[in-house]
Every structure is written in structure tokens, then in C-alpha cells.
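Here the structure comes first, spelled out in C-alpha cells, and everything after it is commentary.
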Amino acid sequence: MARRLVTEGAGGAPVSPAALARALRRELPGVVGDAELAHLIKVMRTELVGAGPVAELLADPETTDVVINGPDQVLVDRGAGWEDSGIRLADDAAVQRLARRLAVAAGRRLDDAHPWVDARMADGTRVHAVLAPVAVSGTCLSLRVLRPVRHDLAALQQRGFLPGVGLTLLRAVLQARLATLVSGGTGSGKTTLLGALIGALPPGERIVVVEDAEELRPPHPHVVRLVARPANVEGAGAVTLRDLVRQALRMRPDRLIVGEVRGGEVVELLAALNTGHDGGAGTVHANTAADVPDRVEALAIPAGLSRAACQAQLAAAVQVVLHVRRSAGHRWLAEIAVLARDGSGRVVVESAARDGVPGGPGWPRLVELLTDRGVEVPAVGVDRVDGGRR
């Protein structure tokens with residue numbers, strides 16, 4: 001059977017259902033009915049082609065994540081939390097075969113010598129796998145579905161993502177060209193919001209977007225997208241986000257966007273935002289808006305920036321933090337905040353609006369930033385805001 005499939009797939013073409021049917025008819029004794037043949041083809045494709053048993057889950061437009069915690073537990077997240085998919089695999093060997101097939105398709109190695117892999121498929125799906133016995137409970141496979149983000153700000157408001165005066169304030173921030181970091185946890189909607197912000201930028205601006213995995217395809221007429229590349233099986237050929245940020249600065253961007261700041265590229269981003277590239281943006285993982293300075297510091301110091309230099313660069317480079325949250329399947333812009341320095345000189349985050357309601361110690365500072373850049377402060381009930389008390 002294997003030799004027949006190799007022959008059918010000669011030339012690098014994928015094995016089609018017709019090829020599987022021909023191979024099966026030649027191998028099976030006697031006459032096989034159409035229904036039985038269709039069932040066998042489905043079983044064979046599950047074992048030999050693509051994502052196999054979870055392919056239908058990945059094709060569902062509502063799916064964001066699929067995890068296999070062993071042959072008897074295949075879970076899917078469609079935006080409302082984990083739920084049992086009802087899919088079962090034969091045994092741990094079947095999970096391993098699937099994990100290795102996906103790793104090979106992504107050009108990576110997964111075996112006893114390299115029992116884990118973190119890769120990206122051609123369609124952008126992120127694949128992470130850990131083989132048993134390193135994964136004590138059995139081989140684990142995690143699949144993150146990355147679909148191009150194309151929501152605009154108006155659509156996000158209609159979906160409840162931008163409560164209260166969120167939309168009005170975001171448009172003012174964009175008009176004032178304030179440098180922004182979007183923070184939040186995994187799956188909270190950071191990239192969704194960033195994509196919508198890019199789409200709302202003036203069409204005459206040149207936007208250079210740098211990403212680790214292709215997610216942003218904003219509806220903007222002048223966007224240049226650069227995507228990082230992992231090393232190949234031999235460990236060569238990697239192109240990092242830090243490399244791409246450096247290249248992006250030479251491409252005459254009006255705004256530099258980093259899809260997700262997760263490593264040393266934060267040093268280049270801070271430097272860029274301090275050298276005339278105002279209005280830039282990026283996303284960063286953080287539990288709260290107040291945690292953003294510490295998170296940036298934790299990324300910058302291992303990359304060679306001193307704590308004092310990081311604090312100085314951050315204070316001068318970034319003005320606004322947009323923090324998004326996810327709870328019970330709902331995502332929303334939970335806080336708009338500004339950066340300031342406390343009495344000791346450390347960078348702190350001051351809230352200017354929570355859940356779409358303006359107020360807090362950062363509100364006067366946000367008003368000042370907008371006014372200084374010639375942007376009229378939106379009519380959002382400023383007269384009713386007093387030191388964060390309404």
C-alpha cells in the first residue's frame with residue numbers, strides 16, 4: 001500500500017482521494033462497495049493526510065484553538081472556552097503520527113532526540129507538540145488557528161468590543177499619532193484591535209507591519225508586511241522579528257507596527273519610536289495595563305538594555321496603553337491608560353478610562369497629550385470627571 005501511494009503521489013503532488021481509492025482497490029481482495037470504500041478512504045486520509053482527524057475542527061471559522069491531550073481528549077475552543085470535540089484517536093501512537101506529520105509539513109524535526117516542536121504551517125496555523133514520555137500523560141498537540149484579522153473599529157463597536165466612548169477615544173489617539181501598546185492575555189483580542197487600528201489610519205500613510213506569524217491584513221491601501229521565518233531542519237535560515245524591525249526602519253515607514261513584542265525586538269521598537277517614528281504600535285502580553293512597564297523591562301534587559309535605559313526609552317517612546325480582556329467568551333477594551341513617571345522616576349501606568357468610562361488619574365494627562373498635538377478632546381463628559389471619581 002505504501003509503495004502504491006508513493007507512486008500515486010510522485011512528483012510532490014498531494015495524495016488525492018482518487019489516488020487513495022485506486023490504491024485501495026488494488027490492495028483489497030474481492031469487490032468493495034462504494035460505501036465501504038468511502039469509509040476506508042476517510043480512515044486512510046485521517047492517517048496519511050494533513051491534520052487528519054482534527055481537519056474539520058481547524059476548518060471551522062469559529063475555531064481558535066484545538067488541543068489533543070492524549071488519544072481520549074481532543075478539545076476545541078470556538079471563542080467560548082474549551083469544549084469536548086467528541087473526537088477520539090486510536091492510541092498514543094496515532095497522536096504521535098499526527099504530530100510528526102504536521103512537524104514534517106512545517107519543515108521541522110520531531111523525534112526522540114527532539115521531543116518537542118514549535119512550528120508554523122503554510123496556512124499560518126501554529127503547531128506545538130511534546131512527545132511522550134516527556135509529556136507524562138501522553139503526547140500533547142496544540143494547534144492555534146491564525147486567521148487574517150480584518151475587523152474595523154466600527155464593527156468592533158457593534159460587537160461590544162469597544163464599550164462606551166472607546167471608539168471616540170481611539171480615533172483621537174490615532175489622529176494625535178500617539179505611540180500605543182496593546183496589552184492583554186492570550187486570545188484576548190490584542191491582534192484584532194491592532195488590525196482595526198491600522199485599518200483606521202489615513203490612506204496616505206505608509207504602514208510597515210512586522211509579525212512573527214501572518215495575522216494582520218488590514219484594509220489599508222499602503223501596508224507592507226514582513227513576517228519572521230523559523231530555522232529549517234538544519235537549524236539555519238531563521239529570520240527573527242528583531243532582524244525585521246531593523247529592516248523596517250530602512251523602508252521609510254510613516255508608522256511602524258510590530259504584531260507582537262515578545263523578545264529583543266522591543267529594543268529596536270523603543271529606539272525607533274524615539275527617533276521620529278511616532279504613532280507606532282505593537283502588542284505585548286500582560287495581565288493588566290499596570291504590568292506593561294515591568295513586562296517591557298523583562299524583555300529589554302536580556303536583550304542588552306539596562307534598566308535605567310529601558311525606563312527612559314519607554315517613557316519617551318510610548319504614550320498610551322490599550323488593555324483588552326477576555327471573560328466567558330466576551331472580549332472588550334477594558335482600559336485606556338497613559339504612561340507617566342512616579343516620584344522615583346519609574347514608569348507607571350495611569351488609567352484614563354475603564355470599560356469605556358473616562359476618568360482616573362490618567363485622564364488629565366490624556367487630555368493634555370491630545371491637546372498638545374492639536375487634536376480636539378472628544379466630548380465624553382469631561383466636566384463630570386474629577387480625579388477619577390464620577
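The values are calculated or read from the model by the stated rules, or taken from the named source; none is laboratory data. Because the structure is a prediction, the values reported are computed rather than measured. A quick note on method: Cβ atoms are made from the backbone with ideal geometry, for glycine too, and the neighbour counts reach across all protein chains shown.
List of remarks:
- Strands (runs of 3 or more DSSP E) fully within the range 283-360 counting 1 or more residues that are in contact with a His (Cβ under 8 Å, 6 or more places away or on another chain) and either farther than 21 Å from LEU156 by Cβ or not β-branched (Val, Ile, Thr) (or both): 330-341
- Filtered residue count, the range 330-348, keeping only those that are surrounded by fewer than 22 Cβ atoms within 10 Å (Cβ to Cβ), over 18 Å from LYS190 (Cα atoms) and not basic (Lys, Arg): 7
- Whichever residue in the range 213-262 is among the small types (Gly, Ala, Ser) and not in a helix (DSSP H, G or I) and, among such residues, is nearest to ALA105 (Cα to Cα): ALA231
- Among the criteria (1) farther than 24 Å from PRO133 by Cα; (2) part of a loop (DSSP other than H, G, I, E, B), the one GLU83 does not fulfil is (2).
- Those residues of the range 294-325 which are touching a helix residue (DSSP H, G or I) at 6+ places or on another chain (Cβ under 8 Å) and closer than 23 Å to GLY187 by Cβ, in sequence order: VAL296, LEU299, VAL320, VAL321, LEU322, HIS323, VAL324
- Of all residues in the range 210-224, those being of a type in the set (D, E, K, R) and closer than 18 Å to VAL266 by Cα number 2.
- Only one of SER327, SER306 that is closer than 20 Å to VAL347 by Cα, surrounded by fewer than 15 Cβ atoms within 10 Å (Cβ to Cβ) and hydroxyl-bearing (Ser, Thr, Tyr): SER306
- Residue in the range 300-311 that is touching a Pro at 6+ places or on another chain (Cβ under 7 Å) and either modelled with pLDDT of 90 or more or of a type in the set (A, V, I, L, M, F, W, C) (or both) present: no
- Test: residue in the range 139-162 that is under 16 Å from VAL321 (Cα atoms) and not aromatic (Phe, Trp, Tyr): yes
- Restricting the range 263-282 to residues that are assigned to a helix (DSSP H, G or I) and hydrophobic (A, V, I, L, M, F, W, C), the residue that is surrounded by the most Cβ atoms within 10 Å (Cβ to Cβ) is LEU269.
- Within the range 221-277, being more than 17 Å from the chain's Cα centre (by Cα), modelled with pLDDT of 85 or more and among the charged types (D, E, K, R) holds for ASP243, ARG246, ARG250, ARG252, ASP254, ARG255.
- Pairs where the first residue, in the range 60-86, is on the phi > 0 side of the Ramachandran plot and the second is part of a loop (DSSP other than H, G, I, E, B), C-beta under 8 Å, 6+ apart: GLY70/SER137; GLY70/GLY138; GLY70/THR139; GLY79/GLU62; GLY79/THR64; GLY79/GLY329; GLY81/ALA328; GLY81/GLY329
- Boolean, GLU214 is touching a residue at least 60 places away in the same chain (Cβ under 8 Å) and at negative phi: yes
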